[in-house]
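**Student:** Quick one: structure below, then a few questions.
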Amino acid sequence: MSDPTAEPSVPQLNELSFYGLPGAPKSPRDLIDECRDGEALGFGSVFLSERFNIKEVVTLSGAAGAVTETLGIATGATNHNTRHPIVTAAYANTMHRLTGGRFALGLGRGIDRMFDAFGMPRITTAQVEDFVGLMRRLWHGEVILGHDGPAGKYPVLHLDATFDEDIPLMFTAFGPQSLALCGRAFDGVILHTFFTDETLQRCVSTVKRAAEEAGRDPDRVRVWSCFATIGDWIPEDIRLKKTVGRLATYLQGYGDLLVRTNGWDPAVLARFRADPFIAGFRGALDGVATTSELEHVATLIPDEWLAPAASGTAEQCAAAVLRQLDLGANGVILHGATPADLAPTISAYRDIRPAGRFDHCAANPGR
């Protein structure tokens with residue numbers, strides 16, 4: 001049995017994280033090797049996204065916690081309304097104790113069209129803020145009687161009177177309302193992939209200002225850039241899927257929001273949607289489109305929309321990652337590739353990492 005007090009074999013880069021099971025994996029078991037590889041490389045944490053297929057996040061996070069000793073673990077993200085609040089609170093507390101405090105509960109709004117199709121209510125800012133309050137009270141052992149608020153109506157909510165846990169809460173944010181909510185109510189923020197430099201800086205500023213206005217220390221709200229990192233050593237067809245395919249999938253799901261957030265031309269999005277192939281396509285483009293189909297999709301997306309990413313040599317990727325931190329992010333999630341694929345970037349990053357600059361960062365991505 002491994003010693004949980006043992007030092008990691010390489011110094012941890014707690015300002016860096018990776019996404020587990022990037023893209024459309026064939027098996028959730030892949031996460032086990034990814035977490036072991038990520039920890040061995042020195043990543044500080046792993047983020048786990050949720051899709052309603054083989055990426056159910058409670059199961060995945062338990063597996064990640066069981067096979068690691070130092071790696072921070074965050075849901076990035078799950079939705080508050082797909083489980084009863086008492087179930088979510090118990091899950092988070094279980095993960096918190098299972099991992100010795102390495103867990104952060106990350107929430108998100110979800111995709112409106114999918115929620116509509118499944119008959120679930122769309123998530124509002126008020127619901128999320130109310131839910132966060134419930135979680136914090138439950139983790140500190142409160143008995144909540146007769147709650148009637150935006151998150152729901154509950155006669156009794158209670159876990160255990162002996163609980164007194166501080167579990168970080170994170171939120172995946174796009175618009176100014178969500179960003180301001182993060183500043184006043186959350187411990188960490190997960191930004192979106194393919195944000196321009198200007199968008200990243202504006203988001204960081206909005207979060208920090210909202211925290212200050214709420215009487216909180218803005219430096220204690222950790223803002224994570226989610227940054228596509230696809231080096232040129234990855235096969236070209238896979239790079240196409242993880243860049244063009246991934247951005248196209250975002251444009252399918254919530255293109256208006258992404259375009260508006262980045263200040264991109266909405267006429268380009270309209271032409272993208274009007275293309276006969278896109279209009280008739282069913283499913284996520286990054287999951288089921290062929291290489292030749294993605295080559296066609298690439299002709300519909302401007303190069304500048306794909307530019308906010310790390311690409312090229314390992315040295316170029318590492319420099320692009322460090323620039324995200326220079327622009328104001330408190331951490332960078334290297335998105336779209338497995339730790340094994342990211343190994344050259346991590347090696348190059350260590351060569352340029354400023355000494356001492358990130359020593360204050362915790363492995364838990366919400367601290």
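**Student:** Most exposed first by the Cβ proxy, i.e. fewest other Cβ within 10 Å, how do Lys26, Lys208 rank?
**Tutor:** Lys26, Lys208
**Student:** Please find, in a Gaussian network model of the chain (springs between Cα atoms separated by less than 10 Å), the residue of Gln201, Gln324, Gln12 whose mean-square fluctuation is greatest.
**Tutor:** Fluctuation is largest for Gln201.
**Student:** Quick check: Cα centre of the range 83-133 to Cα centre of the range 278-352, how many Å?
**Tutor:** 27
**Student:** Something else: In the chain, what is the count of Lys pairs whose alpha carbons are under 18 Å apart, counting only pairs at least 8 residues apart or on separate chains?
**Tutor:** So the count of such lysine pairs works out to 4.
**Student:** Over the chain, with a Gaussian network built from C-alpha contacts below 10 Å, which listed residue (Phe272, Phe227, Phe47) shows the highest mean-square fluctuation?
**Tutor:** Judging by the Gaussian network model, the answer is Phe272.
**Student:** Rounded, prolate or oblate: pick one for the range 235-309, where a ≥ b ≥ c are the square roots of the eigenvalues of its C-alpha gyration tensor, a/c under 1.5 means rounded, and failing that, prolate if a/b is larger than b/c, else oblate.
**Tutor:** oblate
**Student:** Sticking with this structure for a sec: For the chain, what Kirkwood radius comes out of the mean inverse Cα-Cα distance, in Å?
**Tutor:** 21.0
**Student:** I would also like to ask the following. How big, in percent, is the set of alpha carbon pairs in the range 91-192 lying more than 24 Å apart?
**Tutor:** 28
**Student:** Further, regarding this structure: Report the residue, chosen from Val221, Val67, Val207, that carries the largest GNM mean-square fluctuation when the chain is represented by alpha-carbon nodes joined by springs under 10 Å.
**Tutor:** Val67
**Student:** Rounded to whole Hz and in sequence order, give me ³J(HN,Hα) for the range 298-313 from the Karplus expression 6.51 cos²θ - 1.76 cosθ + 1.60, θ = phi - 60°, writing x for Gly and Pro.
**Tutor:** Each residue of the range 298-313 in turn: 4, 6, 9, 10, x, 4, 5, 6, 8, 5, x, 7, 9, 8, x, 6 Hz.
**Student:** Tell me, what HN-Hα J-couplings in whole Hz come from the Karplus equation 6.51 cos²θ - 1.76 cosθ + 1.60 at θ = phi - 60° for each residue of the range 199-207, using x for Gly and Pro?
**Tutor:** Along the range 199-207, the couplings run 5, 4, 5, 5, 5, 4, 4, 4, 5 Hz.
**Student:** Would you pull out the residues with amide H under 5 Å of Val189's amide H, same chain only if 5 or more places away, H placed 1.01 Å from N?
**Tutor:** Answer set, sorted by chain and number: Phe171, Arg222, Val223, Trp224.
**Student:** For Phe194, list long-range residues whose amide hydrogen, built 1.01 Å from N in the peptide plane, is under 5 Å from its own amide hydrogen.
**Tutor:** Those qualifying (amide H under 5 Å, at least 5 residues apart or on another chain) are Ala228.
**Student:** By its C-alpha gyration tensor, with a ≥ b ≥ c as the square roots of the eigenvalues, how is the range 22-141 shaped: rounded for a/c under 1.5, else prolate for a/b larger than b/c, else oblate?
**Tutor:** Because a/c hits 1.5 or more and a/b fails to exceed b/c, the range 22-141 counts as oblate.
**Student:** While we're looking at this one, here's another question. About its Cα centre, what dipole magnitude does the chain give when the only charges are +1 on Lys and Arg Cβ and -1 on Asp and Glu Cβ, stated in debye to the nearest 20?
**Tutor:** Charge dipole of the chain: 700 debye, to the nearest 20.
**Student:** Can you give the local net charge around Arg353? Use residues other than it whose beta-carbon is closer than 14 angstrom to its beta-carbon, Lys and Arg +1, Asp and Glu -1.
**Tutor:** The answer is -2.
**Student:** Considering amide H positions built from the backbone, and no H for Pro or chain starts, which residues 5 or more places from Gly106, or on another chain, come under 5 Å of its amide H?
**Tutor:** Thr75, Thr78, Met170
**Student:** Roughly how big is the range 235-309's charge dipole about its Cα centre, with Cβ charges of +1 (Lys, Arg) and -1 (Asp, Glu), in debye to the nearest 20?
**Tutor:** Result for the range 235-309 is approximately 240 debye, rounded to the nearest 20.
**Student:** Step through the residues of the range 48-59 one at a time and calculate ³J(HN,Hα) from phi using the Karplus curve (6.51 cos²θ - 1.76 cosθ + 1.60, θ = phi - 60°), rounding each to whole Hz and writing x for Gly and Pro.
**Tutor:** Using θ = phi - 60°, the values come out as 10, 7, 10, 10, 7, 9, 10, 10, 6, 6, 5, 4 Hz.
**Student:** In nm, what is the difference between 0.36 nm times the number of residues separating Gln316 and Thr125 and their Cα-Cα distance?
**Tutor:** Net length gain for the segment: 64.9 nm.
Coordinate-derived values only; no laboratory data. In this text the structure is predicted, and so the values were computed from the model without any measurement. Positions of Cβ are backbone-derived with ideal geometry, glycine not excepted, and every protein chain shown enters the neighbour counts.
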